[in-house]
Structures are given as C-alpha cells and as structure tokens.
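Right, one structure below, let's go through it.
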Amino acid sequence: MIKTKYLFDRASFPVIGEYDVAVIGAGPGGIGAAVSAARMGMKTILVEQYGFPGGVATNGCCPLYFLFSSNGKQIIGGVADELIRILDEELHDASFMIEDYFMPEYLPINKRQLLYKVVSTVESIRIASNRLLNKSGVVSLFYAHLFGAVEEGGRIVAAAVDCLEGPCLIKAKTFVDATGDAHMIYRAGGGIGTVMYSFEESMHKSMSFEVGGVTAFNREVNNKVYKNLYEAGKTPANVLPHLAIGHRLTPGVVQIGFNKALGMSVDSADMTRMDAELREQIPEIVDFLRREIPGFKHCYLINSAIQVGVRAGRGIIGIGKLTKDIIAADELPEKPIALITKSYGSHSVKKEFTPKWRNVMQGISAIPLDALIPVRFTNVLACGRCISADPHVFDTFRMMTTCMVTGQAAGITAALSARDNVAIKEVPYDMIRSRMLETGCILEPDK
Ligand SMILES: Cc1cc2nc3c(=O)[nH]c(=O)nc-3n(C[C@H](O)[C@H](O)[C@H](O)COP(=O)(O)OP(=O)(O)OC[C@H]3O[C@@H](n4cnc5c(N)ncnc54)[C@H](O)[C@@H]3O)c2cc1C
C-alpha cells in the first residue's frame, strides 16, 4: 500500500467555487447531507466521481432499501422517506416487499407508512435522486473525483477535485465526507484520523448482477437444492452458503448476490484483482443457475454492478464511536441522531466474527452524533458507512436508509456550523435535533 500525504498548496489549482457546505460523495449519505444543508439556505455543492447519484444502489446494482421499520413501526423518515415517495408517486417505480421477503408486492405504495423493504430500479433511483437534489437547491458537480484537500490551522479549506477540465479547488466553510471510505478525511490528514479495517473486519466484497428469463420457483425448494449442492462442493467457488437472490420489479428479473471476493477496498491493485475475479465468476454462476436451480433454466445475464461492492473499508476515528456496549444498553446513547435496530448479522469474512450478536438482541438503539465528528479538523463531518464504529456493529448502520439519516444529521450540523461560524463540535445538539425532527427524521423509538 502506497502511503502518501495528499496535501496541496492552494495556489496550485484554480478555485471553481466557494460554498457554505461541500459534500463529497453522492451515495445515500451524501444525498441526505446535501439536501439537508441546502434546505437550510446554505450554498451547497455535492461532488461525485460517477455521472449520477445513488452510491451502491446505482453503482452496485442494489436498488433495494432495507430497514425502514422495526416491530411494525417506522424508524427511518426524512430524506429517505421523500426519495421513496418520488420513486412511487412521480416515477411509479417502487414496491414494498411484504409477503415474501424477496418478492415485490407489485402495487403502488401510495401514502402507506414505510414498514417494509422497498425495491425500485437503478434507473429510477438515479432520476429520483437528481430530482430531490435539484428541488432542494443543491449544486451537483458529478464526473469530479476528489483527490486531496487543503488544510489550514486544523480546518479543511478546500477540496482538491479532478474535474474533466482539469484539477481544481472547491472552497467551503464546512465539509461532509460521504465517500463511503472516508477518502477526504484520510487524504486531508495524511492517514491520521482514519482507520483501515482488516479483512475480518471489513466483510467480503461482492458484485451484484441481474438475470432475466426466470420462471416461477419455490424459494424453499431452491434454498434446499442450493444448500445440498454447496455442502457437496458442487457450487461455483467463492460463493455464500445461502442462495441470496431477490425478485426485481420487472417480472422474470432476479438480482443475484451470492458471489464474494476477499480484499481491501482502499487499495487499487486489490480492487482491480477482485473486479476481475468477480466478473469471471458471473457467467459461471449463470451457467450453474441454468443447470441446477429450478426456474432458472432459461435465465440470461442482463447487467452487473459497475464496480466491486464494498460494505466497509476505512472509517473515521471519531470523538465518539458506535460500539457493542451502546447497542446492548437499555437506554439510547447521548445525542442520538439515527435509530437503528439492535438485531444484526454480518457478511463477515470469519464465521466467528459476530455470531454472539447475530440476530439475538431485540429493540432499538441509536447512533450518537459524536460518531460523525472526526478527531481531526474542526469543520468536517463523516456520514454513511464510514462513521466511527466498532466493526462488529457495521450491520446496524450500513443500510442505505440509515446512511441517509446520518447524512441528514451531518448536513444539518455542517449547515449550522457554517451559518453560526462555530466549530462542528460546538453546534448545540438541541438545534440539530429540532431541525431533524422538523424535517421528518424519527429520533424516538415509540413515536
Ligand atoms: C453488494 C452490496 C449490496 C448491498 N445491498 C444493500 C441492500 O440491498 N439494501 C441496503 O439498504 N443496503 C445495501 N447495501 C449497503 C449499502 O448499499 C451501503 O452501505 C450504502 O450505500 C453506503 O452509503 P454511503 O453513502 O455511505 O456510501 P456509498 O453508497 O458507497 O456512496 C459513496 C459515494 O461516494 C462516491 N465517491 C467515493 N470516493 C469519491 C471520490 N474520491 N470523489 C468523488 N466521489 C467519490 C462514490 O462514487 C459513491 O457514489 C449493500 C452493500 C453492498 C456492497
């Protein structure tokens, strides 16, 4: 791994804009952050390396929003709820998965509370996210890759971004690192202030893809067929022990998500190797499905993720941290900014990594605000899957819905910090909380 300090002299590149809030990364976290900051009247820019927003939903072929509710109560609201309403009411391209956990209901959601998983399509999520960003007044700058930052006296003063027209600087009063792997805070700090998770901690990588031409099948039968083949060593190499598949909104189209690769997401050579391995595996899996799995005899590949799917890679070291103890406690932690369920599992590389906690605890916990605030830099927050956390508990907050809420908390805090000219950690929690509640976030489990 190459270790470089990515700090630049700010005189080197042209400044292409000055903002109150700059959010880097347009995944679920970045969308939540940018929308929330812009709606507070802050001049807000959202920078993204690909040409569209959505993060893993749209670059990882995963248009399926988990975990809106717990025990029959909605626990995620705000921007995540709004996105689903656009998908449903404007684009008519969303459905609950109710009866069968992996089968769409194929009905409009209408005004129903979000109590189930919601499936949509990659194409509609890109459009709906753009609409949400535009309506909120966010300046979207896509096809722009962050490669460094300019630091001055413990603050980041500019993001160094490689645009199609060349490298440039974007200045802002506050920044939100929503890159998934804490790329901004890592580069700005020369590695200090972030932590890279090991193989065991960072979960396996995978590459989702879609097949069409699937006919009716019985899920239980297929699960048994697959399990027997897996145990007999007759499945393709490097697959999960269970048949992870789910129906898409187009009848006959199924998402396949049971391949895996091992490696580090913050290492270009490793990502290159894993990408090649996973792509070699896809036709092999399609052949296997055709040969062995009822309902898949005539299936064919439609498309696949445009990059390796990463669940965790690098996170920030925060002034606070989401831990197992916080989750196991009876009370919510101090300064809660997003509700999460206590019951969680994992895509762990090592089987023994989380079994004690896997799906055993009941009830609700929450992410504390301090897990979003890095120890380094006074004007930056993180959100989404790179907040500060014990790796055992990644599965409690890495779903897209929860990432949007941590994004909202980060965006609101960044906006208040920019508006009132105070350091991020001096922004009063009560102000953040009241803005979150005003904008539809749910912060109390019983309401
Ligand atoms: C294979 C797989 C399947 C999953 N399935 C589901 C599912 O079914 N349901 C669910 O709810 N969750 C699912 N998840 C989890 C979820 O998708 C992610 O945890 C979530 O998207 C994280 O959101 P995020 O905004 O933190 O990061 P990301 O979604 O990773 O978004 C980060 C964004 O930042 C951009 N970016 C990164 N670096 C730079 C840079 N240097 N410059 C500019 N832009 C940059 C990226 O292009 C990306 O758009 C899945 C994850 C994986 C890997």
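Readers should treat all values here as calculations from the given coordinates under stated rules, not as data from a laboratory. Given the structure is predicted, the values throughout are model-derived calculations rather than measurements. Methodologically, a virtual Cβ is constructed for each residue, glycine included, from the backbone with ideal geometry; neighbour enumeration extends over all protein chains shown.
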- Task: Mind sorting Met184, Met274 by how few other Cβ atoms lie within 10 Å of their own Cβ, fewest first?
- Result: Met274, Met184
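When only Cα pairs under 8 Å and 6 or more residues apart are kept, what is the percent relative contact order across the range 322-403?
Working: 125 pairs, mean separation 29.3, N = 82.
Over the range 322-403, the number comes to 36 percent.
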- Task: Please report the orientation-averaged projected area of the range 171-222, defined via the convex hull of its C-alpha atoms, in nm².
- Result: 7.8 nm²
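I need the shape label for the range 55-132. Rule: rounded when a/c is under 1.5, else prolate if a/b > b/c, else oblate, with a, b, c from the alpha carbon gyration tensor. Numbers along the way, then the final one.
Values: a/c = 1.44, a/b = 1.32, b/c = 1.09.
Verdict is rounded for the range 55-132.
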- Message: Can you tell me what percent of all Cα-Cα pairs in the range 204-304 are more than 19 Å apart?
- Response: 41 percent
- Hydrodynamic radius of the chain per Kirkwood, over alpha carbon pairs, in Å: 22.1 Å
- Note on the structure: The aspartates and glutamates whose Cα lies under 20 Å from the Cα of Lys425, excluding any fewer than 8 residues away in the same chain, are Asp20, Glu151, Glu152, Asp177, Glu334, Asp370
- Message: Can you tell me the length gained on complete extension of the stretch His298 to Arg85, counting 0.36 nm per residue apart and subtracting the Cα distance?
- Response: 73.2 nm
- Message: Could you give each residue of the range 264-275 its phi-based ³J(HN,Hα) in whole Hz, using Karplus coefficients 6.51, -1.76, 1.60 with θ = phi - 60°, and x for Gly or Pro?
- Response: 9, 7, 10, 9, 4, 5, 5, 5, 5, 4, 5, 4
- Ranking His145, His204, His242, His183 by Cβ neighbours within 10 Å, fewest first, what do you get? His242, His145, His204, His183
- Message: Under 8 Å for C-alpha pairs, at least 6 residues apart: give me the relative contact order for the range 126-270, rounded to a whole percent.
- Response: 17 percent
- From phi via Karplus (6.51, -1.76, 1.60), per-residue ³J(HN,Hα) for the range 130-143 in Hz, x at Gly/Pro: 4, 4, 4, 5, 5, 4, 7, x, 6, 8, 8, 10, 9, 6
- Task: Using only the Cα atoms of the range 362-447, build the gyration tensor, take square roots of its eigenvalues as a ≥ b ≥ c, and label the shape rounded, prolate or oblate: rounded if a/c is under 1.5, else prolate if a/b is larger than b/c, else oblate.
- Result: oblate
- Let me have the relative contact order for the chain, percent, based on Cα pairs under 8 Å that are six or more residues apart. 22 percent
- Task: Output the peptides 434-444, 67-77 sorted from most to least packed, where packing is the average of other Cβ atoms within 10 Å over each peptide's residues.
- Result: 67-77, 434-444
- Report, in deg cm²/dmol and to the nearest 500, the calculated mean residue ellipticity at 222 nm for the chain, where each DSSP H run with n ≥ 4 adds -39500 (n - 2.57) and the sum is divided by the residue count. -8500 deg cm²/dmol
